[in-house]
Amino acid sequence: QVQLVESGGGLVQAGGSLRLSCVASGSISRLNVMGWYRHVPGKQRELVATITSGGSTTYTDSVKGRFTISRVNAKNTVYLRMNSLKPEDTAVYYCNIRIVGTEYWGQGTQVTVSS
């Protein structure tokens, strides 16, 4: 089993920054993909960014140039640095890890951006 614990959400004004962190523990293969998703009530969960254990990254178009995903493999930790935040970034952000086709999710952390 794998457990994910997120932290770093909160309330911020538009234009501000936040950094989310997620620590994974348990049976974690060296080869995995970690990522961040977000969910707004009434909408589908949206992929925000992913990063492989080798460091390759992907981003959804709406956050490119503003968000940066990174990880420290030795700590099984993934980060999401969010700059120039907009009210439309308001959501619950979930950490995700994929290990050989199995996915695990964190409990989510609320990010609220006020205008």
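The values are calculated or read from the model by the stated rules, or taken from the named source; none is laboratory data. What you are looking at is a predicted structure, and each value in this text was computed from that prediction instead of being measured. Neighbour counts run over all protein chains shown; Cβ positions are idealised from the backbone, glycine included. For the accessible areas, the whole protein counts, side chains as well, though only heavy atoms, and no ligand, DNA or RNA atoms are used. Shrake-Rupley method; radii C 1.70, N 1.55, O 1.52, S 1.80 Å.
Applying the set (1) within 14 Å of the chain's Cα centre (by Cα); (2) open to solvent by less than 40 Å² (accessible area, probe 1.4 Å) to residue 113 leaves exactly one unmet item: (1). Quick check on my filter: what residues within segment 58-74 are loosely packed, with under 14 Cβ neighbours inside 10 Å and closer than 19 Å to residue 22 by Cα? Hits for segment 58-74 are 72, 74. Could you grab the pairs with beta carbons closer than 7 Å, sequence gap of 6+ or different chains, first residue in segment 22-38 and under 14 Å from residue 5 (Cα atoms) and of a type in the set (S, T, N, Q), second one open to solvent by 30 Å² or more (accessible area, probe 1.4 Å) and outside any loop (DSSP other than H, G, I, E, B)? What qualifies is 25/3.
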